[in-house]
1. Of the residues that make up region 37-44, is at least one assigned by TED's automatic domain parsing to the domain that holds SER130 and in contact with a Phe, Trp or Tyr (Cβ under 8 Å, 6 or more places away or on another chain)?
2. Does any residue of region 31-46 turn out to be surrounded by fewer than 20 Cβ atoms within 10 Å (Cβ to Cβ), over 30 Å from LEU147 (Cα atoms) and among the basic types (Lys, Arg)?
3. Could we say that TYR149 is modelled with pLDDT of 85 or more, in contact with a helix residue (DSSP H, G or I) (Cβ under 7 Å, 6 or more places away or on another chain) and of a type in the set (Phe, Trp, Tyr) here?
4. If you scan region 86-97, which residues turn out to be part of a loop (DSSP other than H, G, I, E, B) and buried (at least 16 other Cβ atoms within 10 Å of the Cβ)?
5. Filter region 24-83 for residues that are among the hydroxyl-bearing types (Ser, Thr, Tyr) and within 20 Å of the chain's Cα centre (by Cα); which is farthest from ALA14 (Cα to Cα)?
6. Look through VAL65, VAL83, VAL57 and report the one residue that is without any contact (Cβ under 8 Å) to a residue 12 or more places away in the chain and not in a helix (DSSP H, G or I).
7. Can you work out which of the residues in region 175-196 that are modelled with pLDDT under 70 and surrounded by 12 or more Cβ atoms within 10 Å (Cβ to Cβ) is nearest to the chain's Cα centre (by Cα)?
8. Quickly run through region 1-19 and pick out the residues that are part of a loop (DSSP other than H, G, I, E, B) and at pLDDT 95 or above.
Amino acid sequence: MNLSQIRTASRERADEESDGFISNSELDNYINQGVRYIFAQMVQRFEDYFIIPGTTVNGGEFDTVSNQQLYSLPADMHKLVKVEMRDSNSDDDRDYYRIKKANIANQDFSSRNTGSRYGFSSYQYYIAGSKVGMRPIPSGSSSTVRLWYIPFVATLVADTDVPEIPLIYHDLISDYAAVKCLSKSGEGIYKEKFAEMNLSIQNLINTIESRDQQAEQMTFTADDYDDDLLENRFPWGE
């Protein structure tokens, strides 16, 4: 379903077919709130399906600069999952070394040991607002840092925009927006409808999780890895 179709379905559910009381722009805000709400529920349960590697394009890959401690995080980052580092002269993924998150509260930052002397394993990272910090401060030759993260779900703007979540959740987006419309209009049933929607989300997530667990128990041979299997690598694929 695209934005226009979700908007129509939302109005039908809320019995608000005209845009006199609730404008399309307001309804679009409700719809995007629903997309973010459902996306957050999915990420909590299926985090691995939404992680992407950092690149120079999305801002999740960068080279360290001598005596520079803080570096910008990707603008679309929802949650940071993993940080890796390798020598900037390497182009081999196998050279990446995972670095740990620093315990700011308990770590002694007076140490002057540098990663270039003791290896990547001595480096740690921490989050400072919209920046990621490296500890100790990089010095000497540069290293490449790659962030693995979950991006924010895209906002629907054009009528043809499609939510970046599986199709089976699109009706629930309409339900969410309809509940918001009912709430504004003072309809007393909106709390009941919101509870029903949440129950539907949880039932759907539980069904998908059950499929996922069953898929993990399956044994595949090399011949099984055809195009159809690759296309349906997500547990909600049909």
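1. The answer is no; no qualifying residue exists.
2. No, the conditions are met nowhere in region 31-46.
3. no
4. Correct list: TYR96 only.
5. Filtering first and then ranking leaves THR56.
6. Going through VAL65, VAL83, VAL57 in turn, the sole match is VAL57.
7. TYR190
8. ASN2
The values are calculated or read from the model by the stated rules, or taken from the named source; none is laboratory data. As the structure is a prediction and not an experimental result, all values here were calculated from the model. Positions of Cβ are backbone-derived with ideal geometry, glycine not excepted, and every protein chain shown enters the neighbour counts.
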